[in-house]
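**Student:** Below is one structure. I have some questions about it.
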Amino acid sequence: MRHLFVVVDASSPMSDQDLKPWRLKATTKLLEYFVEEYFDQNPISQLGLLSSQNKRAEKITELGGNPRRHINALQELSSKTCQGEFSLQNSLDLALSHLRHMPSHASREVLIVMGSLTTCDPGDVRESIKAMAEANIRCSVIGLSAEVRVCKFLCQQTGGSYNVILDESHFKDLLVFQVTPPPSSVSQTKPSRRINKENKEKGACLLFHLDSQTSQGFSSSGYFCPQCKSKYCELPVECKACSLTLVSAPHLARSYHHLFPPDAYREVLTSDILTDGPVYICDKCEQKFCLDCDLFTHETLHSCPGCASFRSLQNVQATTSVH
Amino acid sequence: MADAGEKGGSSLLIIILDTNPVWWGRKKVSDEQFSLSHCVDCITVLANSHLMLAHKNKLAVIAAHTDSSVFLYPQYPGKQTAAAKLPDDGQYEVFGQVEGQLRAQLKMLIMQDKEEIDEMYDVPERPSDSLIAGAMAVALCYAHRLEKECPIGEAMSTRLLVIKGSEDCPAQYMNFMNAVFTSQKQNIIIDACILDKDSGLLQQACDITGGMYLKIPQLQGLLQYLMWVFLPDPSTRVKMALPPRAQVDYRAACFCHRNLIDIGYVCSVCLSIYCSFSPICSTCQTTFKILGPQKLKRKKKS
């Protein structure tokens, strides 16, 4: 589980046109893609958006799990005018105030997309950086113009990564890099911290989902909390009444393919006229696949079509997953 | 009607037919009116109508059997096809081909089963669920291949239609969900046409991919339902009055007993679901703090 705040710089340097059509527009466009990928890879994680302009930081969206809401907010943001100065300290403080209360078994992160070369802070920014490091919040910065010393310092202190983009495709690569969860966050490698990973109680919420409408206004569809029967229009969410974490089964299932990846296929050369090139054989079910299907099953599908079609192999998989 | 055709693209319809011998056998015993051959007739009509809508439309039919997934149409090119005789009544050749191959392949499938049973002295209990997820995985691979073969600049929209009578196979949950998320990623819609009991998994699949889930209220009218609900492509469906969406059961199955549960415990590392607290996650071997029981107490109070 991750809790991530994305801070978007909306200060006057963001109206530069070195990224087409201008920096802010290009950034929000890439962030839209980022949000979708983020929720695809981290299904029950949360994301929030902050923006900073006029020396102030403001919250655009609360931490939440609904990609559509964030994307709408990003689209609104992209048409705003860029003005004033960027404030690193205000952004960090605002993010910290929200992330501080998040449970420690989830990783807490801040991603700053910064176009400005300066920061305008009310106090000592190093104090904020220290506070971030103490709270174990990982801060990463993607710079749009040039390397800034204070950002580098921030990333070093909090264990994040600092990168400056070369061009738009490099920008995209850097964002995609942020999509995958950090491989070993500090809390997970330290054995003393390990006890923090307690079982989180979750209600797999259910029932009555017709068409999920927008979050505002009345709607006839929604999800009920199994414990207190409160109704919510989007998942995942923590129940306001009984503080049960509500998720739906597909959210959890989305990441299961990481747990049981299909075995690699064996490459075999054949003289079959029908197939050109090598044939790939699954060792379990002994079915043959072409190169395209091999790539497709391992990168996208994550389950072997052959193994899924044999009952005897089903049971093997079921038992391995139980033990 | 052929919206994809107007845009210059083709539309691929993959029908997954559940051919579970146990379920069809029971159906035959209990209900004389409805049999597999009747169902195949309906599917043939649906398939032919789909092919008729646009010249570029493509079709595949896959049988999900108890222990295999078999392409009913198109046939594996290496196999000897029965001498394709030209229809004498001026019927479009492809229609004749579809019907002939469907029947021939199904017949082969059933004969294989029969031989198997004849060979054995004590016939083991046949499982009453089919391996739908396997057939779906095969279908997705097939769709992926056709999409690659598709000439550049041409769009192809794909749809999966699952016609299912037998129960869900709980052991296939993982494979099934993988297939569903893949189709969501590839923009493939999954439709479900349920002949018997409601299927929670397929409900979720249809809801996630934006397809239609329909439990046929009257099997006699199967053809009508197929033509009305499942023939039009998604862009056309918006304009039609279709049966309302059913409630979706979004409960998850626990890993330990495979029961559907409302409230359970989730491992915070690997997201495995358990119906009761266990100190060690059996999937990823994580040990949890003994804070668990305290938490339990608090839950009871609240």
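**Student:** I'm checking my understanding of the structure. Among residues of region B:248-269 that are in contact (Cβ under 8 Å) with a residue 40 or more places away in the chain and at the interface with chain A (Cβ under 7 Å from one of its Cβ atoms), which one is farthest from B:Y213 (Cα to Cα)? Walk me through how you get there before you give the answer.
**Tutor:** At the first step, the residues of region B:248-269 found to be in contact (Cβ under 8 Å) with a residue 40 or more places away in the chain are B:248-251, B:253, B:258, B:260.
Those still in the list that are at the interface with chain A (Cβ under 7 Å from one of its Cβ atoms) too: B:248-251.
Working: B:V248: 10, B:D249: 12, B:Y250: 14, B:R251: 17 Å.
Checked region B:248-269; the qualifying residue farthest from B:Y213 (Cα to Cα) is B:R251.
**Student:** In addition: What tally of residues in region A:103-139 results from selecting those that are touching a helix residue (DSSP H, G or I) at 6+ places or on another chain (Cβ under 8 Å), closer than 16 Å to A:F86 by Cβ and buried (at least 16 other Cβ atoms within 10 Å of the Cβ)?
**Tutor:** Count: 13.
**Student:** Look through region B:160-203, keep the residues that are charged (D, E, K, R) and crowded, with 23+ Cβ neighbours inside 10 Å, and return whichever of them is farthest from the other protein chains (Cβ to nearest Cβ). Can you show your working first?
**Tutor:** At the first step, the residues of region B:160-203 found to be charged (D, E, K, R) are B:164, B:167-168, B:185, B:191, B:196-198.
Those still in the list that are crowded, with 23+ Cβ neighbours inside 10 Å too: B:164, B:191.
Working: B:K164: 15, B:D191: 17 Å.
Here the answer is B:D191.
**Student:** Further question: Which condition from (1) open to solvent by 10 Å² or more (accessible area, probe 1.4 Å); (2) at pLDDT 85 or above; (3) assigned to a helix (DSSP H, G or I); (4) more than 7 Å from every other protein chain (Cβ to nearest Cβ) is the one that B:A143 breaks?
**Tutor:** (1)
**Student:** Among the residues of region B:92-107, what is the count of those that are open to solvent by 80 Å² or more (accessible area, probe 1.4 Å) and either within 14 Å of B:V61 (Cα to Cα) or assigned to a helix (DSSP H, G or I) (or both)?
**Tutor:** Of the residues in region B:92-107, the ones open to solvent by 80 Å² or more (accessible area, probe 1.4 Å) are B:92-93, B:97, B:103, B:107.
Right, trim to either within 14 Å of B:V61 (Cα to Cα) or assigned to a helix (DSSP H, G or I) (or both) and you get B:93, B:97, B:103, B:107.
Qualifying residue count, region B:92-107: 4.
**Student:** Taking the condition of being out of contact with any Phe, Trp or Tyr (no Cβ under 8 Å at 6 or more places or on another chain) and open to solvent by 60 Å² or more (accessible area, probe 1.4 Å), how many residues in region A:2-36 meet it?
**Tutor:** So the count comes out to 9.
**Student:** Sticking with this structure for a sec: Listed residues B:K27, B:K56, B:K85; which is open to solvent by 20 Å² or more (accessible area, probe 1.4 Å), at pLDDT 80 or above and more than 20 Å from the chain's Cα centre (by Cα)?
**Tutor:** Working: B:K27 fails: more than 20 Å from the chain's Cα centre (by Cα); B:K85 fails: at pLDDT 80 or above.
So the residue among B:K27, B:K56, B:K85 that is open to solvent by 20 Å² or more (accessible area, probe 1.4 Å), at pLDDT 80 or above and more than 20 Å from the chain's Cα centre (by Cα) is B:K56.
**Student:** If you don't mind, there's one more thing I want to ask. Are any of the residues in region A:48-66 open to solvent by 10 Å² or more (accessible area, probe 1.4 Å) and in a helix (DSSP H, G or I)?
**Tutor:** no
**Student:** Related question: Restricting attention to region B:233-271, which residues are touching a His at 6+ places or on another chain (Cβ under 9 Å), surrounded by fewer than 19 Cβ atoms within 10 Å (Cβ to Cβ) and either assigned by TED's automatic domain parsing to the domain that holds B:M212 or farther than 24 Å from A:M1 by Cα (or both)?
**Tutor:** Of everything in region B:233-271, those that are touching a His at 6+ places or on another chain (Cβ under 9 Å), surrounded by fewer than 19 Cβ atoms within 10 Å (Cβ to Cβ) and either assigned by TED's automatic domain parsing to the domain that holds B:M212 or farther than 24 Å from A:M1 by Cα (or both) turn out to be B:R245, B:Q247.
**Student:** So which residues in region A:87-105 are modelled with pLDDT of 90 or more and in contact with a strand residue (DSSP E or B) (Cβ under 9 Å, 6 or more places away or on another chain)? Working first, answer last.
**Tutor:** Here is the first cut: in region A:87-105, the ones modelled with pLDDT of 90 or more are A:87-97.
Answer for region A:87-105, where residues must be modelled with pLDDT of 90 or more and in contact with a strand residue (DSSP E or B) (Cβ under 9 Å, 6 or more places away or on another chain): A:S87, A:L88, A:Q89, A:N90, A:S91, A:L92, A:D93, A:L94, A:A95, A:L96.
**Student:** Only one of A:K55, A:K25 is on the phi > 0 side of the Ramachandran plot and basic (K, R). Can you tell me which? Please lay out each step first, then the result.
**Tutor:** On the way: A:K25 fails: on the phi > 0 side of the Ramachandran plot.
Only one candidate passes the filter, namely A:K55.
**Student:** Look through region A:293-307, keep the residues that are more than 7 Å from chain B (Cβ to nearest Cβ) and of a type in the set (A, V, I, L, M, F, W, C), and return whichever of them is surrounded by the fewest Cβ atoms within 10 Å (Cβ to Cβ).
**Tutor:** Of everything passing the filter in region A:293-307, A:L295 is surrounded by the fewest Cβ atoms within 10 Å (Cβ to Cβ).
**Student:** Kindly state which strands (runs of 3 or more DSSP E) lie completely within region B:174-275 and contain at least 1 residues that are under 13 Å from the mean Cα position of the chain (by Cα).
**Tutor:** Working: elements: B:189-194, B:213-215, B:263-266.
By residue number, B:189-194, B:213-215.
The values are calculated or read from the model by the stated rules, or taken from the named source; none is laboratory data. Worth saying up front: this structure is predicted, and the values here are computed from it rather than measured. In this analysis, Cβ positions are derived from the backbone assuming ideal geometry, glycine residues included, and neighbour counts consider all displayed protein chains. Accessible surface areas use protein heavy atoms only, side chains included; no ligands, DNA or RNA. Shrake-Rupley method; radii C 1.70, N 1.55, O 1.52, S 1.80 Å.
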